[in-house]
Amino acid sequence: MYLRELRLWNFRKYGSGSNDLDLGTPDLKIPFKEGLNLLIGENDSGKTAIVDAIKIALRTHSGEWIGLSEEDFYEDSTRLRIECEFFGFSDVEASNFNEWISWAGASPFLRVFVDVEKIEGRIMPYDIMAGLDPDGSILNAGAREFLKTTYLRPLRDAKSELIPRRNSRLSQILRAHPAFKNNSDDHHLLSEFMKFNTSIVKYFEGKKADNTPLDDQLGKELRDEIESYLDDFSEMTSLFRVSEADLKQILERLELTFAEQRNLGLGSHNILFISAELLHLNKRDWKGLRLGLIEEIEAHLHPQLQLQVIDVLQEKASIQLIITTHSPNIGSKINLEKLILCKDDEIYPMGKDHTQLAVTDYSYLRRFLDVTKANLFFAKGVILVEGWSEELLLPVLGKKVGVNLTSSGISIVNVGSTAFLRYSAIFKRRDGKELKLPVAVITDLDVIPSEESEISSGATETKGTIKQKEKEEKYSGGSVQTFVSPHWTLEYCIALSTNLREYLYQAIVLAGEEMTQAGYSGKAVTADWATFSAGKAPEVVAADIYNQLIGGGKRISKPIIAQNLAAILETLPTDHLTADQINADMNVAYLIKAINYASGSFGS
């Protein structure tokens with residue numbers, strides 16, 4: 001069995017405010033898959049609210065107190081509801097819920113919920129209910145036990161969970177394991193404990209286990225001295241022993257640590273604690289729910305260890321896990337169809353039923369969605385580019401027109417190719433949910449200048465216009481808008497710009513010198529700008545820059561050129577290149593439009 005869906009009404013940030021709940025239309029509906037589910041998003045995006053709602057409805061194995069407070073009610077609402085729906089029952093699992101099971105065709109399912117009212121500021125007592133009927137019937141304690149979850153809190157001090165103490169989490173995990181369950185009266189540890197206790201008693205009597213005298217009689221002398229005082233007060237005698245214990249108390253005295261005797265940090269203890277909890281979730285002969293809730297899985301784990309842990313957890317098919325994270329590192333490692341993006345009081349599952357991604361897109365993105373690209377899940381806006389040149393230049397151009405991409409929360413994602421369709425489809429929905437995240441796709445026209453104005457036979461528009469429309473139609477949709485260069489490539493457009501072309505030439509000179517110094521022959525550019533550009537029309541200058549210096553056998557690295565151009569533009573005095581000049585420059589207008597779209601309000 002597994003949790004297939006969670007539904008919320010008026011719970012924390014997810015609400016309508018109406019106390020007359022429409023049970024057919026929840027304020028939030030979250031589908032979950034068997035195995036691993038990753039809730040990803042920035043701070044305050046609702047991840048913890050989802051986890052807490054599950055805990056309130058199902059409770060946890062650790063026995064912590066879980067209750068509702070006024071802050072759990074959406075704004076001024078006085079009624080909230082949480083529903084959990086379970087599918088995938090085995091016959092044995094279904095037998096635990098005979099009174100409450102419903103059927104969808106031949107498949108059994110279980111609906112569990114809490115429906116809570118607040119009257120005059122007081123939260124009314126409530127029960128955990130179950131059944132298909134809106135009011136349901138009370139789920140008894142025995143059935144509730146089979147629905148409890150395992151919960152790992154954020155910023156956990158894993159070491160403290162593994163040390164001896166009363167009702168320690170480690171003792172709870174061990175008591176539920178077959179090694180210690182249902183055999184507490186005659187367990188091997190109890191007999192061993194009694195032997196140890198006997199040796200303690202014997203020590204203070206000055207004897208060995210076989211009642212022969214010990215060489216060390218200090219323990220007996222200590223007890224005899226107490227007896228000399230006790231004789232004056234009473235006829236009773238004293239006894240030193242370890243306090244009697246049952247199996248539960250023995251387990252509470254156990255510590256789980258590493259065999260290596262060295263000072264290990266929180267990260268190491270965290271993976272030890274997770275391992276112990278997995279032992280509990282995977283216990284044999286358990287007839288109930290195997291659901292683990294882990295908040296901020298990355299806590300105390302260095303990036304490489306994060307990847308190792310998430311790799312292992314993805315393979316635990318017999319356990320359902322709902323994990324929250326802020327980590328792009330983990331976002332890059334998870335299979336995309338297991339990911340749920342939390343944003344703007346809504347959730348966006350990334351499974352095949354929810355996005356326009358094709359099956360082959362998922363396998364492609366699994367290989368190429370690395371940690372830098374996974375930043376898009378935390379952004380307020382996204383700009384998809386096809387190469388290093390755009391990635392290096394856009395932040396500088398943004399600052400020149402008054403848009404700081406970093407402080408605006410804009411992620412530039414370099415897809416390294418023209419595979420925009422795969423990435424942009426992440427944000428195109430087939431489930432009807434409009435993802436209010438502006439995504440700008442910047443791409444080259446890819447029509448050489450000599451053919452740009454041609455009109456093909458039977459066509460009414462130029463090749464350039466046709467190509468631009470094809471790309472816009474191909475990549476755009478929903479919150480995704482495409483911005484195509486007006487001419488051949490980014491570098492060609494900059495070379496055409498009377499505002500930027502001299503700076504581009506300077507960058508090419510610097511890049512050529514850098515490559516020559518690094519041992520690449522024939523890369524240096526010797527002519528100065530005045531000589532190179534003298535008497536040439538802008539189109540000729542652009543063609544010469546591209547053909548003589550960037551393309552062909554004299555190719556100079558475009559990323560190195562872009563790096564130098566960005567450095568030049570960053571250090572220019574304000575009056576040398578103004579925002580008005582850039583905004584009015586039709587050759588780079590598509591870049592500025594993309595920046596403004598990604599950083600502005602959705603739909604602007």
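Starting from the Cα of Lys202, draw a straight line to each of the lysines and keep only those under 16 Å, dropping any in the same chain fewer than 8 residues away. Answer for Lys202, where 16 Å is the Cα cut-off: Lys220, listed by chain and number.
For the stretch 478-550, a simple Cβ point-charge model (Lys and Arg +1, Asp and Glu -1, everything else neutral) yields a dipole of about 100 debye relative to the Cα centre. Neighbour counting of Cβ atoms within 10 Å sorts the residues Trp65, Trp488, Trp529, fewest neighbours leading, into Trp65, Trp529, Trp488.
Here is the list for the stretch 268-329: trypsin sites (Lys or Arg not before Pro) lying in DSSP coil, each with at most 13 other C-beta atoms within 10 angstrom of its C-beta, are Arg284, Lys287.
Subtracting the Cα-Cα distance of Ser102 and Asn211 from 0.36 nm times their residue separation leaves 32.5 nm of extension gain.
Estimated at 0.36 nm per residue, the fully extended path between Glu315 and Ser238 surpasses their Cα-Cα distance by 22.0 nm. For the chain, the calculated P(r) over all alpha carbon pairs, in 10 Å bins from 0 to the bin holding the longest distance, is 3, 13, 18, 18, 14, 12, 10, 6, 3, 2, 1, 0, 0 percent.
I want the antiparallel fraction of DSSP beta bridges within the chain, as a percent rounded to 5. Restricted to the chain, the bridges split so that about 55 percent are antiparallel. Stretching Asp446 away from Lys593 to a fully extended chain increases their span by 51.0 nm, per 0.36 nm per residue minus the current alpha-carbon distance. Loop-located GluC sites (Glu not before Pro) in the stretch 346-448 (DSSP state not H, G, I, E or B) with no more than 16 neighbouring Cβ atoms inside 10 Å: Glu434. Listed by chain and number, the lysines whose C-alpha is less than 20 Å from the C-alpha of Lys13, apart from same-chain residues fewer than 8 away, are Lys29, Lys47, Lys55, Lys118, Lys343, Lys380, Lys433, Lys436. Amide hydrogen proximity for Ile383: with H placed 1.01 Å from N in the peptide plane, the residues at 5 or more positions away or on another chain lying under 5 Å are Ser411, Ile412, Val413, Ala440. In this Cβ point-charge picture (+1 for Lys and Arg, -1 for Asp and Glu), the chain has a dipole of about 1280 debye about its Cα centre.
A Förster distance of 60 Å, applied to the separation of the beta-carbon atoms of Ala179 and Leu572, puts the FRET efficiency at 0.25. Compared with the dominant principal axis of the Cα atoms in the chain, helix 388-400 is inclined by about 80°.
When you restrict to C-alpha pairs under 8 Å that are six or more residues apart and normalise by the size of the stretch 352-435, the relative contact order lands at 44 percent. Rounded to the nearest Hz, the phi-derived 3J(HN,Hα) couplings of the stretch 480-496 under the Karplus curve 6.51 cos²θ - 1.76 cosθ + 1.60 (θ = phi - 60°) are 9, 10, 10, 10, 9, 4, x, 9, 2, 9, 4, 5, 5, 5, 5, 5, 6, where x marks glycine and proline. Secondary structure note: in the stretch 371-604, about 5% of the DSSP beta bridges are antiparallel.
Grab the other residues whose beta carbon is less than 11 angstrom from that of Arg59, score K and R as +1, D and E as -1, and report the net.
That works out to +1.
Coupling constants for the stretch 428-434 follow from the phi torsions by the Karplus curve (6.51 cos²θ - 1.76 cosθ + 1.60, θ = phi - 60°), and in residue order they are 9, 9, 9, 9, x, 8, 7 Hz; glycine and proline get x. Which of the three applies to the stretch 371-604, rounded, prolate or oblate, going by the alpha-carbon gyration tensor with a ≥ b ≥ c and a/c under 1.5 meaning rounded? Verdict is prolate for the stretch 371-604. What is the helix-to-structure angle for 266-281, meaning the angle in degrees between its Cα long axis and the longest Cα principal axis of the chain, kept from 0 to 90 and rounded to the nearest 10? That works out to roughly 70 degrees. Of the residues Tyr475, Tyr520, Tyr597, the one with the fewest other Cβ atoms within 10 Å heads the list, and the complete ranking is Tyr520, Tyr597, Tyr475.
Got the relative contact order for the chain handy, in percent, Cα pairs under 8 Å and 6 or more residues apart?
That works out to 13 percent.
Radius of gyration (Cα atoms) of the stretch 281-382, expressed as a multiple of 2.2 N^0.38 Å: 1.15.
Straight-line reach from Lys558: taking Cα to Cα under 16 Å and skipping same-chain neighbours fewer than 8 places apart, the lysines in range are Lys523. Compute the Cα gyration tensor for the stretch 1-99, then decide on rounded, prolate or oblate, letting a ≥ b ≥ c be the square roots of its eigenvalues: rounded whenever a/c is under 1.5, prolate when a/b is larger than b/c in the other cases, and oblate in all that remain. Prolate is the answer for the stretch 1-99, as a/c is 1.5 or above and a/b outweighs b/c.
Laboratory data are not the source of any read-out in this text; all were calculated from the coordinates shown. Keep in mind that what you see is a predicted model, and the values were worked out from it rather than measured. Neighbour counts are summed over all protein chains in view; Cβ atoms, including those assigned to glycine, are modelled from backbone coordinates with ideal geometry.
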